[in-house]
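Asker: I am attaching a structure below and will ask some questions about it afterwards.
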Amino acid sequence: MNSSENIKITFPDGSIKKYPKGTSSLDIAASISKGLAEDILVADVNGKLVDLTAPVENDAKLKFYKFNDEEGRKVYWHTTSHIMAQAIEELYPGAKFGVGPPIENGFYYDVDSEHKFLEEDLKKIEDKMLEIAKRGLETKREEIKRTDAIEYFKTKRVDPYKVEILEDIAKNEDVVSLYHQGGFTDLCRGPHMPTTAKLKNVKLLSVSGSYWRGDSDRQQLQRIYGISFPKKKDLDEHLHLLEEAKRRDHRKLGKELELFMFHEYSPGAPFWLPNGMVIFKELEKYWRDIHDNNGYDEINTPILVKDKLFEQSGHLDHYKEHMFRVDDGDEVYYLKPMNCPEATLVYSSKMRSYKDLPVRLSEIGRLHRNELRGALGGLFRVRQITMDDAHIFCTPEQILQEITGVMGLIKRFYALFELEPRYYLSTMPDDAMGTKETWDDAERSLAAALKANDLPYEVKEKDGAFYGPKIDIHIKDALNRDWQIATIQLDYNLPERFDLTYEGSDGAKHRPVMVHRAIFGSFERFFGMLIEHFAGNFPLWLAPVQVAVVSITDNQNDYAKTIYEKLKLSKMRAELDQRSEKVGYKIRDWETKKVPYMIVVGDKEKQNNNITVRAHKKGDLGVFELDKFISSLVEERDSKKINQNI
Ligand SMILES: [Zn+2]
Ligand SMILES: [Zn+2]
């Protein structure tokens, strides 16, 4: 082939165009429109992400990614981290660099420098980064022999971390790539955006310590986090959300609203305080209602179990490092890290016939998992987990119907909180138990159930549990943060290990399929998420105190008491505030406690036999007739509405 030959480029819409061999994807984009060439950050050529400036040498399927695409964003943030490294090198010569990847929101770079970075240095580095951006430096990829790269980082830009990466991590590669931007060179696989000029807005967020390669015996580096955006508006919006997240932090609100506490004597296990327990119980009650009404039978199994069970289930082979071991002086026990093995014991406690199936056993189980102490954080990373579990034992023919039923529950449940679920199918991981065939069958069944429900989903390769594939359900909260909450897992392995059977219509023994599923996932995590999602302003049905009755002076104390008692008769969680404080003070106090409604009564209300109502954050709603108000309260509570305000 000579260079005057053409190559065929196929675009995502299926259209095909011819270009001279060696045309860069940036030039191809420019031939379509100038705007497109401006916006794109990276190209996908035959399934591989490459620099926009790289020549396309063969017929190819070509896709472009912009900042709105995850691929584009990652490249944008990744390149920004290199620009940060260059800025640091210019400001603090001699700095050495560990790794600098993009992360879910932004990027970081680990820096080894004699200079100890403080908050005020970050602004200085940001300014330098924007200056480098303005220089409009082209990012140039150079492929060189690994041995030459080692030489380069030993002699030219001395950096022992890059040498270690090249000697150790990249030891099976003959050729590696360097990226040059102006006078700055870094080791990187790429791809990068074509010029530093694409960086428009950047904010460096924090600096913290991190050990080289996560090893606490190695050098401590300074990790600088940041984020960048092409548009100023998007950076401002992101910074606003970060502020909002701080304000809504469940650890802070949990303390202020007296929902839960932690104590050093039990790391990673919350103490639920009375207010938190009210919410916990409401969630549990709702969970029980929907399960009792949908053909589940609730069980409760022991927390402390002999090692034999977990040998048989395979947990000791696959999960031992997460399990707490207890020795009674005679035998070894473990605190259960999952409910599943014991659910199989309940299943096999009696003969099952095909007519009994599906058997749906629900359990609110208390689990213990040995999370590293350093990884514990509020309700999001705990060692004691209350899991809203259920195990369904069914015939292979019932899988579709059962998974469909579970999805119906999940949809209903999340609609209640106005959370929109998204679905992911996770496939066979490398450390999987069982054969490829059974995994393929299981993955097909889950995909079929998703399709039957018309639910769009994405595939997460190799992200399944070790015993079966799963559907993970994610939601986005009020701050647009992504949470993995519910999960549905199909399992062919445990029924095998515990020799579970049912008698089929043919009179022979058959193996049931086991479905593991949770809707909250963990109560703790879900609770923490809810606190932040609602910023502590819980809907009426969850609010620890639903309505406060406030008298203006002692004159109305009996009237206030009658109102309070009527509320109690309707099972409202009401408080009677007869403190001899100024009414303004009392109102502010209930306002900080985020109580949804306040009934305020003075002489006028007492005379007219009515009430004045205030709603949290909205203020005065006007005068109401008591009975009417109570019946709308009851309606709002029982229908579990979100912030109706009568
Ligand atoms: Zn890079
Ligand atoms: Zn399970």
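The values are calculated or read from the model by the stated rules, or taken from the named source; none is laboratory data. Here the structure is a predicted model, which means the values were calculated and not measured. Cβ placement follows ideal geometry from the backbone for every residue including glycine, while neighbour counts extend to all protein chains displayed.
Asker: Any residue in segment 390-401 that is crowded, with 19+ Cβ neighbours inside 10 Å and charged (D, E, K, R)? Steps first, answer last, please.
Answerer: Pass one, segment 390-401, residues crowded, with 19+ Cβ neighbours inside 10 Å: 390-394, 399.
Okay, now just the ones that are also charged (D, E, K, R), so none.
No - not one qualifying residue is present in segment 390-401.
Asker: Something else about it: How many of the residues in segment 461-489 are buried (at least 17 other Cβ atoms within 10 Å of the Cβ), in contact with a Phe, Trp or Tyr (Cβ under 9 Å, 6 or more places away or on another chain) and in a strand (DSSP E or B)?
Answerer: Of the residues in segment 461-489, 10 are buried (at least 17 other Cβ atoms within 10 Å of the Cβ), in contact with a Phe, Trp or Tyr (Cβ under 9 Å, 6 or more places away or on another chain) and in a strand (DSSP E or B).
Asker: I'd like to verify a number: residues in segment 193-206 that are in a loop (DSSP other than H, G, I, E, B) and in contact with a Pro (Cβ under 8 Å, 6 or more places away or on another chain), how many? First the steps, then the outcome.
Answerer: Of all residues in segment 193-206, those in a loop (DSSP other than H, G, I, E, B) come to 193-194, 199-200.
Now restrict to residues that are in contact with a Pro (Cβ under 8 Å, 6 or more places away or on another chain): 200.
Qualifying residue count for the region: 1.
Asker: May I ask you to list pairs of residues, at least six apart or on different chains, whose Cβ atoms are under 6 Å apart, with the first in segment 29-50 being closer than 19 Å to His192 by Cβ and the second being assigned to a helix (DSSP H, G or I) and among the aromatic types (Phe, Trp, Tyr)?
Answerer: Leu41/Tyr76
Asker: If you don't mind, there's one more thing I want to ask. As an exercise: evaluate Lys571 against (1) closer than 23 Å to Phe417 by Cβ; (2) surrounded by 18 or more Cβ atoms within 10 Å (Cβ to Cβ); (3) of a type in the set (D, E, K, R) and give the number of the one condition it does not meet.
Answerer: Only one criterion in (1) closer than 23 Å to Phe417 by Cβ; (2) surrounded by 18 or more Cβ atoms within 10 Å (Cβ to Cβ); (3) of a type in the set (D, E, K, R) is unmet by Lys571, namely (2).
Asker: Report the residue count in segment 212-249 for those that are over 22 Å from the mean Cα position of the chain (by Cα), in a loop (DSSP other than H, G, I, E, B) and in contact (Cβ under 8 Å) with a residue 40 or more places away in the chain.
Answerer: Counting residues in segment 212-249 that are over 22 Å from the mean Cα position of the chain (by Cα), in a loop (DSSP other than H, G, I, E, B) and in contact (Cβ under 8 Å) with a residue 40 or more places away in the chain gives 2.
Asker: Looking only at segment 551-568, decide whether some residue is within 26 Å of Gly254 (Cβ to Cβ) and at pLDDT 95 or above.
Answerer: Step one: filter segment 551-568 for residues within 26 Å of Gly254 (Cβ to Cβ), giving none.
Taking every residue of segment 551-568 in turn, none turns out to be within 26 Å of Gly254 (Cβ to Cβ) and at pLDDT 95 or above.
Asker: Moving to a separate point now. Can you tell me which residue is surrounded by the most Cβ atoms within 10 Å (Cβ to Cβ) among those in segment 36-64 that are among the small types (Gly, Ala, Ser) and under 15 Å from Arg189 (Cα atoms)?
Answerer: Keep residues of segment 36-64 that are among the small types (Gly, Ala, Ser), which gives 37, 43, 47, 54, 60.
With under 15 Å from Arg189 (Cα atoms) added as a condition, the list becomes 43, 54.
Working: Ala43: 26, Ala54: 18.
Filtering segment 36-64 for residues that are among the small types (Gly, Ala, Ser) and under 15 Å from Arg189 (Cα atoms), the one surrounded by the most Cβ atoms within 10 Å (Cβ to Cβ) comes out as Ala43.
Asker: While we're looking at this one, here's another question. Taking into account only those residues within segment 180-208 that are within 12 Å of ligand 1 (Cβ to nearest atom) and more than 33 Å from the chain's Cα centre (by Cα), which is nearest to Asp121 (Cα to Cα)? Spell out the reasoning first.
Answerer: Within segment 180-208, the first condition is being within 12 Å of ligand 1 (Cβ to nearest atom), and the residues that meet it are 180-181, 184-193.
The next check asks that each one be more than 33 Å from the chain's Cα centre (by Cα); those that pass are 180-181, 184-185.
Working: His180: 25, Gln181: 23, Phe184: 20, Thr185: 23 Å.
Among those that are within 12 Å of ligand 1 (Cβ to nearest atom) and more than 33 Å from the chain's Cα centre (by Cα), it is Phe184.
Asker: Report, by residue number, each residue of segment 398-419 that is of a type in the set (A, V, I, L, M, F, W, C), more than 22 Å from the chain's Cα centre (by Cα) and either outside any helix (DSSP H, G or I) or modelled with pLDDT of 90 or more (or both). Working first, answer last.
Answerer: Taking segment 398-419 as the starting set, the residues that turn out to be of a type in the set (A, V, I, L, M, F, W, C) are 399-400, 403, 406-407, 409-410, 413, 415-417, 419.
Next, from what is left, pick out any that are more than 22 Å from the chain's Cα centre (by Cα): 399-400, 403.
Scanning segment 398-419 gives a single hit, Ile403.
Asker: Has segment 330-339 got at least one residue that is surrounded by 15 or more Cβ atoms within 10 Å (Cβ to Cβ), on the phi > 0 side of the Ramachandran plot and either within 13 Å of ligand 2 (Cβ to nearest atom) or touching a residue at least 24 places away in the same chain (Cβ under 8 Å) (or both)?
Answerer: no
Asker: Among the numbered conditions (1) in contact with a Gly (Cβ under 6 Å, 6 or more places away or on another chain); (2) within 30 Å of His263 (Cα to Cα); (3) not hydroxyl-bearing (Ser, Thr, Tyr), tell me where Gln384 comes up short.
Answerer: Among (1) in contact with a Gly (Cβ under 6 Å, 6 or more places away or on another chain); (2) within 30 Å of His263 (Cα to Cα); (3) not hydroxyl-bearing (Ser, Thr, Tyr), the lone unmet condition for Gln384 is (1).
Asker: I've got another one for you. Could you pull out the residue among Gly190, Gly209 that is assigned to a loop (DSSP other than H, G, I, E, B), assigned by TED's automatic domain parsing to the domain that holds Asp127 and either among the basic types (Lys, Arg) or in contact with a Lys or Arg (Cβ under 8 Å, 6 or more places away or on another chain) (or both)? Break it down into steps so the answer makes sense when it comes.
Answerer: Values: Gly209 fails: assigned to a loop (DSSP other than H, G, I, E, B).
Being assigned to a loop (DSSP other than H, G, I, E, B), assigned by TED's automatic domain parsing to the domain that holds Asp127 and either among the basic types (Lys, Arg) or in contact with a Lys or Arg (Cβ under 8 Å, 6 or more places away or on another chain) (or both) holds for just one of Gly190, Gly209, which is Gly190.
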